[in-house]
Amino acid sequence: MHFEDLRRFLPEKMEGLTRAADGGSTGRYGDVSVSEAERSFTLGEEREVKVRIVDTTLGQKLGQAIRAAAEEGRDRAQNDPTAPIFWKDKEAVGFVRYDASTGQAEASLLVGNRYVVAVSSRGYPGTVEVRRVARDIDLEGLARLDRAPGGADHQGKEHPW
């Protein structure tokens with residue numbers, strides 16, 4: 001998928017923050033292809049939120065790692081800030097990390113069994129902001145992007161959820 005197709009799923013604005021930068025690229029490196037689109041928002045030096053969407057032929061390996069990390073934390077309570085994400089309605093599974101010493105949080109999601117969405121924040125307490133931003137993205141639309149009729153993904157495989 002070309003990065004311009006991914007870019008339309010990035011948030012246009014975030015309340016209280018200024019849109020700081022956009023980035024994107026599509027390339028092929030031997031048998032590996034990678035497309036990525038990124039957008040960041042800031043509030044001075046105090047706060048930052050970045051959203052990145054990646055489509056790569058290495059997606060299967062990345063997806064396995066994301067699913068494994070989410071499964072590892074499945075027993076965590078839903079109010080645990082590092083509880084994994086299982087949004088069947090949005091065709092997304094993922095995990096959340098938070099480093100209190102740096103004030104950085106990250107949500108990494110596998111969407112539609114193909115796309116990797118990473119939402120990171122700096123300067124927010126906990127993981128509430130990355131979860132909120134991730135939930136507000138049109139993940140259902142992203143999951144359907146370039147999907148064959150009948151609900152299969154780009155490789156003709158049915159989704160596990």
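If I filter the range 11-34 for residues that are open to solvent by 30 Å² or more (accessible area, probe 1.4 Å), modelled with pLDDT under 95 and closer than 12 Å to TYR115 by Cα, do I get at least one hit? The answer is yes; a qualifying residue exists.
Filtering the range 114-151 down to residues that are assigned to a loop (DSSP other than H, G, I, E, B) and open to solvent by 40 Å² or more (accessible area, probe 1.4 Å), which residue is modelled with the highest pLDDT?
By that ranking, first place goes to ASP138.
Among the residues of the range 40-63, what is the count of those that are at pLDDT below 85 and open to solvent by 60 Å² or more (accessible area, probe 1.4 Å)? It would help to see each step written out before you state the result.
The initial filter retains those residues of the range 40-63 that are at pLDDT below 85, namely 57-63.
Adding the requirement that they be open to solvent by 60 Å² or more (accessible area, probe 1.4 Å) leaves 57-58, 60-62.
Number of matching residues: 5.
Considering only the range 9-28, how many residues are in a loop (DSSP other than H, G, I, E, B) and farther than 13 Å from VAL54 by Cα?
Start the filter on the range 9-28 by keeping residues that are in a loop (DSSP other than H, G, I, E, B), which leaves 9-17.
Still in the list and also farther than 13 Å from VAL54 by Cα: 11-17.
Qualifying residue count, the range 9-28: 7.
The sole residue among ARG7, ARG76 that is modelled with pLDDT of 85 or more, more than 24 Å from ALA143 (Cβ to Cβ) and surrounded by 13 or more Cβ atoms within 10 Å (Cβ to Cβ) is ARG76. Would you check if VAL111 is over 21 Å from MET14 (Cα atoms), open to solvent by less than 10 Å² (accessible area, probe 1.4 Å) and under 15 Å from the mean Cα position of the chain (by Cα)? When the stated conditions are applied, VAL111 passes them.
Taking (1) buried (at least 19 other Cβ atoms within 10 Å of the Cβ); (2) over 21 Å from ARG39 (Cβ atoms); (3) among the hydroxyl-bearing types (Ser, Thr, Tyr) in turn, SER101 satisfies each apart from (1).
Could you list, in sequence order, all residues of the range 37-52 that are closer than 16 Å to ILE137 by Cα and either out of contact with any Lys or Arg (no Cβ under 6 Å at 6 or more places or on another chain) or free of Cβ contacts under 8 Å to residues at least 24 places away in the same chain (or both)?
Filtering the range 37-52 for residues closer than 16 Å to ILE137 by Cα gives 37-41, 49-52.
Matches in the range 37-52: ARG39, SER40, VAL49, LYS50, ARG52.
The values are calculated or read from the model by the stated rules, or taken from the named source; none is laboratory data. Source: prediction; values computed, not measured. Positions of Cβ are generated from backbone atoms using ideal geometry, with glycine treated the same way; all protein chains shown enter the neighbour counts. In case anyone asks, the SASA skips ligands and DNA or RNA and just uses the protein heavy atoms, side chains included. Shrake-Rupley method; radii C 1.70, N 1.55, O 1.52, S 1.80 Å.
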